[in-house]
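Shown next, in structure tokens, is the structure this report addresses.
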Amino acid sequence: MTSSTGRGAPAAPAAAVGRPGGEVVVVSGVGEQARRRRADGYDRFLTALSPLRPGVALIAVGGLGRRQCAPHGDLDLVLVHAGVPGIEELAASIWYPVWDAGLRLDHSVRTVAEALAVARDDLKVALGLLDARLVAGDAALAESLVHAAAEQWRRTAVRRLPGLREITTARWQAHGELAFLLEGDVKEAAGGLRDLAVLRAIATAGVTDALRPAVRAAHLRLLDVRDALHEQTGRRVDRLVAQERDGVADRLGLRHPRLGGHHGDVLLRRVAGDARTVSHALDDAFRAAERLRAGRSGSGVARPVRRPVARDVVEHDGELVLARTAIDARPDPSLALRVAAASATTGLPIARATCEWLAAYCPPLPAPWPAEARTALITLLGAGPGLVPAWETCDRYGLVDRWLPEWTRMRSLPQHNPVHRFTLDRHLVQTACEASRYTRDVERPDLLLLAALLHDVGKGVVSAGAEDHSTAGVPIAEAVAARIGLGKPEVALIGALVRLHLLLPDVATRRDLADPVTISAVAAAVGDPATLDLLHALVRADAAATGPAAWSRWKGRLVAELVARVRTVLDTGALPAPPAPDPALLAEPLPVIQVGGDRVAVAAADRRGLLATVAGCLALHRLDVVAADATAVDGRALVECRVQPRYGLAPDPVAVGADLRRAVAGDVSVLRRLAGRALAGRASGAAARVVWHREAATDAVLLELRAADAAGLLYRVTRALDDAGAQVRAARIATLGGSVVDVFYLVGEGPDEATRARLEVAVLGAV
């Protein structure tokens, strides 16, 4: 359909492909004119393929019907006829040259009656015929189908729209929300191009003014993004994946306002704004359709019931509107927040006219906020699932910026960590939504909800290599807390929660929880049990809002164990005793092998390299080690590991145990397999680095390795440390997307500078 320009290359000039008697001009470029030129080229190509007889018309639907052809889209064609003989042969004379030209084709051959009958049964066909346009042939026949299809849709739309909404909702659930996804599908995701087809159908039915100017402008920009993505990749791709963003932004001429160069983040934020416009318009349109359907199915002409739901807020016809007293009186600055809270708690949407009135007439909040506004905000944040749509509606009308001026910077801000599924603003709102599940577990649920909304406010203000976002966010969060009217102790606690919101998961996954230094340090940082409970709830809410890769049962168990040990220190002042090894490891004849669930334990003769051997053997069975402890008791070397399957399916424990027993015994065949696995699993990509921690353990110095994840990495590193003469008593492995942070406890007072340099070389060489 268009020439392949190569990734990142400039668009190629027009070319021609096809067969004698008809050719299609391949038009490159992005924008409305380029799309129309592509449509004109296809029209000429199709018209020249075969002369059509009277009673036969070639009709385009889809993108070609709308003259919005994508560079690598499909051709959707309907050959309409009035019962003429030889129609199948005529159809073949058109379809085969199209395929020979290398174009994808969706085709059908129908009479007008057949097309209308299929449209009555198939919503997708009905919507497609609304874009029908004559390409060649009998104009009167084509006009009869176009007119009849539109009329049939207008007659049946009200009763068919619930089915359309059901299909649309299922698609949203499968593809997510384009506005908040880092790699969204610009066609299928909520707010994408497929939703524009639904809006056109609702507008054609005369239900509401679904295609307002802002929606049409968003549509054109999303089409530009889709076209640029096709040209960037040289094929039909509708998902805006990370590696293509900068190239697509380049083709669209989008530049970072500060850096002065092309930047994919600008593209993502623009796509998010357009997707929100489309999604909000479609929500409005579906509600209008439901009201119309309910009105037609009801009896009589009774007016919709108005029901008070909160002070100054009334339910009217399934939406929230302002009470007349609120409109007649001078508006209260907290009114918008109170309306939002009512929407979140009742699950009822705010009427568009109400949002517009609040945006125009609701006065700004004073600083500090009055108690009523603060209460409304906490009610809004604690509403659970109703928070997200209510917040999004208010954000679309500029109300959130009035409550939190900092929100402008955070809106649609991409998060490039692969574990995140949402943009920053949606992540913060989703964290507050998740935190509402834990409000009964803490002394100050209001502070939990506010900390959830503010925990990542430092993102986007931290330049490369500067302070961590947790630290950068403290003054911002404290300023917000003071503005909304919290007292100084509460402001300080909000700052502490923002600063420490990563403490528990980082320590739980990267430190030895049996080491007194670990527990004492966390207890000193937290200070009291109430703050510990708040942090524990915040951690779980943050992980749930981040995505499935941010949490696991093992990680949750580690965090819970850390919290329990720290609570003991805070409550009693006494450090909990470290867990004793399994007596079976000390009593049974050597070697002792235990494999069960997520635990693997080995006891063998006291010798160096046991941890590396066990780690390598587990890697052979595609088991990732997430924690490992190596000790020596009564002349026995003990290694205990917590493991999880790399690909989700646990291996046969009998086979794992057999290989461990042979490897510990020095079986040459197993050791050779370990060596081969070590070479095959070497990582590639960004350079690894080593960080030393001297004061983080009672009897060891910590070597922290940050590297790309790879199978068998723990085996290679522990073997390299063993060969270099270092004694590893514990290892903690934290996987973050495609990267790992592995921490090794090296027994001793700490190597000198020369030894550290030698160990670093050994470790980095193993990676």
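The values are calculated or read from the model by the stated rules, or taken from the named source; none is laboratory data. Predicted model only: the values in this text are computed from it and were never measured. Neighbour counts run over all protein chains shown; Cβ positions are idealised from the backbone, glycine included. The accessibility values were calculated without ligands, DNA or RNA, using every heavy atom of the protein model including side chains. Shrake-Rupley method; radii C 1.70, N 1.55, O 1.52, S 1.80 Å.
Data table
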read-out: Relative contact order, percent, region 375-505 [alpha-carbon distance under 8 Å, six or more residues apart]; value: 20 percent
read-out: HN-Hα J in Hz across region 143-156 - Karplus 6.51, -1.76, 1.60, θ = phi - 60°, x for Gly and Pro; value: 5, 5, 5, 4, 5, 5, 5, 5, 5, 4, 5, 5, 6, 10
read-out: Region 301-393: C-alpha gyration tensor shape, a/c 1.5 cut-off, then a/b vs b/c; value: oblate
read-out: Kirkwood hydrodynamic radius of region 182-231, Cα pairs, Å; value: 11.5 Å
read-out: Ordering of 534-546, 369-381, 113-125 by burial proxy (mean other Cβ atoms within 10 Å per residue, highest first); value: 534-546, 369-381, 113-125
read-out: Radius of gyration and Dmax over the Cα atoms of the chain, both given in Å; value: 32.0, 99
read-out: Debye, to nearest 20: dipole size of the chain, +1 on Lys, Arg Cβ, -1 on Asp, Glu Cβ; value: 1420 debye
read-out: Estimated distance in nm for a label pair at residue 631 and residue 665, the labels positioned 7 Å out from Cα along Cα-to-Cβ; value: 2.8 nm
read-out: Cut-off under 5 Å, modelled amide H: who pairs with residue 109 long-range; value: 79
read-out: Sequence-distant residues sharing a close amide H with residue 643 (under 5 Å, placed H); value: 599, 600, 626
read-out: Cα pair count fraction exceeding 11 Å, expressed as % - region 537-580; value: 70 percent
read-out: Interchain or long-range residues, amide H under 5 Å from residue 734's placed H; value: 741, 742, 743
read-out: CD proxy at 222 nm, helix term only [per DSSP H run n ≥ 4: -39500 (n - 2.57); per residue of the chain; nearest 500]; value: -16500 deg cm²/dmol
read-out: Spin-label model distance (nm) - residue 255 vs residue 173, 7 Å beyond Cα toward Cβ; value: 4.6 nm
read-out: Net lengthening on full extension, residue 687/residue 416 (0.36 nm per residue, minus Cα-Cα); value: 95.7 nm
read-out: Proximal lysines to residue 124, defined as alpha-carbon separation beneath 18 angstrom and excluding residues fewer than eight positions away on the same chain; value: 187
read-out: Net length gained if the chain between residue 330 and residue 646 were fully extended (0.36 nm per residue, minus Cα distance); value: 107.5 nm
read-out: 15 Å beta-carbon shell around residue 150, net charge (K/R +1, D/E -1); value: +4
read-out: Residue 561 accessible area, assembled protein chains, probe 1.4 Å, Å²; value: 70 Å²
read-out: Hydrodynamic radius of region 591-765 per Kirkwood, over alpha carbon pairs, in Å; value: 16.2 Å
read-out: Gyration tensor verdict on region 62-101 (Cα atoms; rounded if a/c is under 1.5, prolate if a/b is larger than b/c, oblate otherwise); value: oblate
read-out: Relative contact order, percent, the chain [alpha-carbon distance under 8 Å, six or more residues apart]; value: 7 percent
read-out: Rounded accessible area of residue 402 (nearest 10 Å², 1.4 Å probe); value: 110 Å²
read-out: Stretchable slack from residue 514 to residue 236, in nm (0.36 nm times residue separation minus alpha-carbon distance); value: 94.7 nm
read-out: Enclosed volume per residue, in Å³, of the convex hull spanned by Cα atoms of region 140-277; value: 132 Å³
read-out: Share, in percent, of DSSP beta bridges within region 32-157 that are antiparallel, nearest 5; value: 60 percent
read-out: Debye equation applied to the C-alpha atoms of region 32-157, log10 I(q)/I(0) at 0.09, 0.21 Å⁻¹; value: -0.23, -1.25
read-out: Considering only the chain, percent of DSSP beta bridges that pair antiparallel, nearest 5; value: 90 percent
read-out: All-pairs Cα distance distribution in region 404-572, expressed in whole percent, bin size 10 Å; value: 10, 39, 38, 12, 1
